[in-house]
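A.B. asks: Dropping a structure here in structure tokens format, bear with me for questions.
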Amino acid sequence: MKLQKATVFALYAVLELAAAPGRQRTVVEIAEKYGISAHHLAKVLRDLGRAGIVDAVRGVGGGYRFTGNAKRLTLMDVIRLFEEPSAEADLPLPSRDGQDIAEGLRFVLAELDAQTGATLRSISLSTMLKLIARRPWESQGAATPARRAQAGRRSR
Amino acid sequence: MARRGRTQPPPEPDADPAIRPATLADVAGVIALDEEVTGLRKAAYWQDMFERYGARRRDQRFFLVAGEPARIDGFIIGEVRAWEFGSPPAGWIFAVQVRPRLRVRGLGSRLFAAVCARFRAAGVDRVRTMVARDNAVIHAFFRSQGMMAGPFIELEMRLD
């Protein structure tokens, strides 16, 4: 599953802010921490503000703070503000003769969508923050793309 | 004193009920709690569950309850299963329930911790469960305990 940039930026920002709900972070601070465009992140944070998940604090030392309910808000709630997650390929409309195969493919891809949706709806921000603190990928020895990239940078 | 013809209100739930193995006297309370939550009365099913998981092989099967026999506030049932499709022994949880007005207060987490402690004592190092895909509440509960997708995939088909 590949998420759009705006969605990933929103997840970074929301989790960063939800990790310390009383703390304010500026757009630049968050952008630098995650190596992302501050300009693009500013737009994403405005969208999150309109959704009532974060609040802009004006003035010197201003920034954004988390205002949502981390135990209730799920990854899917955040993702859906920006896109509808779907594994379904953009299948062209086939002729009558090709409909069986196209329908069969859609049927199997819908199974993936159902699984993806259930997973994203079941993980609240609070659960996600606990998972990050536990770092389960270390015990599984999983080489995530981020870790592979980091290892690549170190070896250069 | 309750007036004739009026049902006496249930006692106020204990904020921190003790968790213990179920006894035969608890089965009526389990049936009542399940009926309150699901809207279905399944007396024979829960009596059978107690016979199988509360009364036999208690070193491998665990039927735990929270509360008093007159008012069960929560329960959890699990067992150690081994070698299904090659899986080494693992703890399996296949029922958990908490009185709705006591939810989000930690009772479900305490029941989960209690059954996991018994699984560890039985010598297994992982716990599994299966949840309905559209049951977001129970799915989110197990996720909040740290559970992730496991190495097995559930499959089914209609028997026409």
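The values are calculated or read from the model by the stated rules, or taken from the named source; none is laboratory data. This one's a predicted model, so the numbers in the text were calculated from it and none came from an experiment. Glycine also receives a Cβ, built like all others from the backbone with ideal geometry; neighbour counts cover every protein chain displayed.
A.B. asks: Tally the residues that are within 10 Å of another protein chain (Cβ to nearest Cβ) and either over 17 Å from A:I123 (Cβ atoms) or modelled with pLDDT of 95 or more (or both), restricting the search to the stretch B:149-160.
C.D. replies: 1
A.B. asks: Is at least one residue of the stretch A:131-146 under 23 Å from A:E83 (Cβ atoms) and modelled with pLDDT of 65 or more?
C.D. replies: Yes, because at least one residue in the stretch A:131-146 is under 23 Å from A:E83 (Cβ atoms) and modelled with pLDDT of 65 or more.
A.B. asks: Is it true that some residue in the stretch A:61-80 is modelled with pLDDT under 90, in contact with a Ser or Thr (Cβ under 9 Å, 6 or more places away or on another chain) and more than 30 Å from B:G146 (Cα to Cα)?
C.D. replies: Looking for residues that are modelled with pLDDT under 90, in contact with a Ser or Thr (Cβ under 9 Å, 6 or more places away or on another chain) and more than 30 Å from B:G146 (Cα to Cα), one finds at least one in the stretch A:61-80, hence yes.
A.B. asks: Hey, B:G146 hits all of (1) more than 10 Å from every other protein chain (Cβ to nearest Cβ); (2) surrounded by 13 or more Cβ atoms within 10 Å (Cβ to Cβ); (3) of a type outside the set (V, I, T) but one; which does it fall short on?
C.D. replies: Single failed check for B:G146: (1).
A.B. asks: Further question: Can you tell me how many residues within the stretch A:55-87 are more than 23 Å from A:R25 (Cα to Cα) and surrounded by 13 or more Cβ atoms within 10 Å (Cβ to Cβ)? Write out each step before concluding.
C.D. replies: Residues of the stretch A:55-87 more than 23 Å from A:R25 (Cα to Cα): A:76, A:80, A:83-87.
Right, trim to surrounded by 13 or more Cβ atoms within 10 Å (Cβ to Cβ) and you get A:76, A:80, A:85-87.
Count: 5.
A.B. asks: Let me ask you something else. Only one of A:R25, A:R96, A:R46 is exposed (fewer than 13 other Cβ atoms within 10 Å of the Cβ) and over 23 Å from A:A114 (Cβ atoms); which?
C.D. replies: A:R96
A.B. asks: Is at least one residue of the stretch B:2-18 modelled with pLDDT of 90 or more, closer than 28 Å to B:N135 by Cβ, of a type in the set (A, V, I, L, M) and surrounded by 14 or more Cβ atoms within 10 Å (Cβ to Cβ)?
C.D. replies: no
A.B. asks: Whether any residue in the stretch B:69-80 is assigned to a strand (DSSP E or B) and either within 14 Å of chain A (Cβ to nearest Cβ) or more than 23 Å from B:I31 (Cβ to Cβ) (or both) is what I want to check.
C.D. replies: yes
A.B. asks: Might you let me know whether the stretch A:101-122 holds any residue that is within 14 Å of chain B (Cβ to nearest Cβ), free of Cβ contacts under 8 Å to residues at least 24 places away in the same chain and over 25 Å from B:F142 (Cα atoms)?
C.D. replies: Checked against the condition, which is being within 14 Å of chain B (Cβ to nearest Cβ), free of Cβ contacts under 8 Å to residues at least 24 places away in the same chain and over 25 Å from B:F142 (Cα atoms), the stretch A:101-122 yields at least one hit.
A.B. asks: Quick one: which residue in B:V104, B:V96 is farther than 19 Å from A:T116 by Cα and within 12 Å of chain A (Cβ to nearest Cβ)?
C.D. replies: Only one candidate qualifies: B:V104.
A.B. asks: In the list A:L45, A:L11, which residue meets the criterion of being under 15 Å from the mean Cα position of the chain (by Cα), closer than 15 Å to A:L81 by Cα and touching a residue at least 60 places away in the same chain (Cβ under 8 Å)?
C.D. replies: Unique residue meeting the criteria: A:L11.
A.B. asks: Filter the stretch B:117-126 down to residues that are surrounded by fewer than 19 Cβ atoms within 10 Å (Cβ to Cβ) and closer than 21 Å to B:R143 by Cβ and give me whichever is farthest from the other protein chains (Cβ to nearest Cβ). Lay out the reasoning, then the answer.
C.D. replies: Pass one, the stretch B:117-126, residues surrounded by fewer than 19 Cβ atoms within 10 Å (Cβ to Cβ): B:117, B:120-123, B:125-126.
Retained after the next criterion (residues that are closer than 21 Å to B:R143 by Cβ): B:117, B:120, B:125-126.
Numbers: B:A117: 19, B:R120: 16, B:D125: 12, B:R126: 12 Å.
Among those residues, the one meeting the criterion is B:A117.
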